[in-house]
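The values are calculated or read from the model by the stated rules, or taken from the named source; none is laboratory data. This one's a predicted model, so the numbers in the text were calculated from it and none came from an experiment. When we count neighbours, we look across all protein chains shown, and the Cβ atoms used for this are built from the backbone with ideal geometry, even at glycine. When the accessible area is computed, the model is the full protein with side chains, heavy atoms only, and any ligands, DNA or RNA have been set aside. Shrake-Rupley method; radii C 1.70, N 1.55, O 1.52, S 1.80 Å.
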Amino acid sequence: FHDVGREFGIYEIAMGRECRTLYVGGAKFISPRNVDFDVSGRMIAMAGDDGVRLWDLHSLKEIGRLPVPKAGTVLIDADGKSLITHAQAGFQRWPMVAERGGNHLRIGPPELISPLRGNPIYHTHPKLSLDGRWLAVAIPNGAAVIDLNKPDAPLRFEGHVGAGGLDISPDGRWIATVTQHSSGIKIWDTHGVEPVRTLPAANYSVAYFSPDGKWLITGSIGHESQKWSVGSWTAQPLKQYPGVANVSWTRDGKILALAYDAQ
């Protein structure tokens, strides 16, 4: 109404879709650890203690659940044809096939792609190359890289004490390993075994490749953030963005979003 007692009207309420909440049906979803979108942006997968759950973002309904106890990671490959999960049993690949005119999705059975086992929390933030061929995993002393076409012989890059995270370039050639409680970001060429460069960084360092593979953004607590040219490893300081903690690029690499400490 516009004026109490004088004029009334009927209003249609439109629900905003900018922020949507996905609810778990049945048992409580314990300790969610990471989420990933499929390439279409219609499906989202989430890993947690009771397995991997899938939602359709058009209907906001849960459409599936994978029996992966204590799941630490779920990744959807670039072509949307498989899921990668990591739990105490190791890394598994789950084929995804659309059936019944595309209205039904069949997932599995899973294939063990790597014997890397242990507490999934300690294999921090596995990353897939853009073509979905290379899976990079942080291990306590560096990184392991798995060729998903030949998963039985992972490449190991060791010598970064306290390594706790990483990123892989879109073409799978370069690995950047970071730490929480040590210093330096190490760059590895997957064609060799030794680090090719150590970039300056302090505690809680981060490193993110651009989608076109031309740039690497690095940051850490109390240290100047940098934009590095991949290959030559020459730097452009990002002085106005100290302490970068997280980075996200648009798929075309034209827009960069930075989360940083403004203090």
| request: Only residues that are of a type in the set (A, V, I, L, M) and either within 17 Å of Ile146 (Cβ to Cβ) or open to solvent by less than 30 Å² (accessible area, probe 1.4 Å) (or both): list them for the stretch 178-201, please. | output: Val178, Ile185, Ile187, Val193, Leu199, Ala201
| Looking at the stretch 185-205, which of its residues are at pLDDT 90 or above and under 17 Å from Ile221 (Cβ atoms)? | Ile185, Leu199, Pro200
| remark: Contact list, first residue from the stretch 144-172 and farther than 22 Å from Asp77 by Cβ, second anywhere and aliphatic (A, V, I, L, M) and not in a strand (DSSP E or B), beta-carbon distance below 7 Å, six or more apart or interchain, is Phe157/Val193
| task | Could you please let me know if Trp94 is in contact with a Gly (Cβ under 6 Å, 6 or more places away or on another chain) and open to solvent by less than 20 Å² (accessible area, probe 1.4 Å)? | result | yes
| query | Which of the residues spanning the stretch 61-90 are open to solvent by 30 Å² or more (accessible area, probe 1.4 Å) and at pLDDT 80 or above? | reply | Lys61, Glu62, Ile63, Arg65, Pro67, Pro69, Lys70, Lys81
| task | Could you look through the stretch 130-177, keep only residues that are of a type in the set (S, T, N, Q) and surrounded by fewer than 23 Cβ atoms within 10 Å (Cβ to Cβ), and pick out the one that is farthest from Val193 (Cα to Cα)? | result | Asn149
| Leading residue by the ranking (most open to solvent (accessible area, probe 1.4 Å)) among those in the stretch 34-53 that are farther than 15 Å from His86 by Cβ and under 16 Å from the mean Cα position of the chain (by Cα) | Phe37
